[in-house]
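What follows is a single structure, written as structure tokens, with notes after it.
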Amino acid sequence: MQARFISFGLIEIEGRRYDHDVVVDGGVVRKRGKKPSRQYRDQFGHTPLSVEEDIPWSGPRLVIGTGASGQMPVMEEVIEEAEQQGVEMVALPTREACQVLADTPNDQVFAILHVTC
């Protein structure tokens with residue numbers, strides 16, 4: 001999949017630009033619904049990725065782009081759920097996460113990409 005971190009707050013996937021966090025589920029891109037995780041914002045200083053979100057668990061690997069400087073927290077429960085699901089989880093700053101996706105066929109891309117911080 002062709003994914004490119006353009007700049008703080010902007011990502012390009014397969015030629016289309018997004019100015020918000022995205023979830024890629026088997027190559028299908030949708031907006032990340034962060035609302036369920038906002039309850040943890042004060043605890044982490046930033047809205048983390050929590051298991052309450054609609055996470056694409058159906059692939060063998062989940063790539064998480066943690067933002068421009070890698071500051072988006074991933075809650076321990078997400079890591080534990082990945083282990084229970086048998087899903088390899090890779091969390092990297094979003095620019096690096098996009099590079100990982102470049103070697104993956106579109107229908108095998110399962111990712112959450114944060115576009116700020």
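Which order, highest average first, do 14-21, 86-93 follow once you tally other Cβ atoms within 10 Å for each residue and take the mean per peptide?
Values: 14-21: 12.9, 86-93: 15.0.
Highest mean packing first, the order is 86-93, 14-21.
Normalised radius of gyration for the range 22-77, please: alpha carbon Rg relative to 2.2 N^0.38 Å, two decimal places.
On the way: Rg = 11.4 Å, N = 56, 2.2 N^0.38 = 10.2 Å.
For the range 22-77, the normalised Cα radius of gyration is 1.12.
Would you mind checking which residues have amide H under 5 Å from GLY59's amide H? H placed 1.01 Å from N; only 5 or more apart, or other chain.
Amide H neighbours of GLY59, under 5 Å, 5+ apart: none.
Debye calculation, C-alpha points only, no solvent: report log10 I(q)/I(0) for the chain at q = 0.16 Å⁻¹, in the same order as the q values.
Values returned for q = 0.16 Å⁻¹ are -0.65.
Does a label point 7 Å from the Cα of CYS117, set along Cα-to-beta-carbon, have any residues of the range 43-83 with amide nitrogen under 11 Å, and which are they?
43-49, 67-74
Read-outs: derived from the displayed coordinates by stated rules, not from any lab. Treat the numbers as computed from the prediction; the structure is a model and nothing was measured. Glycine gets a Cβ as well: all are built from the backbone with ideal geometry, and neighbour counts include every protein chain shown.
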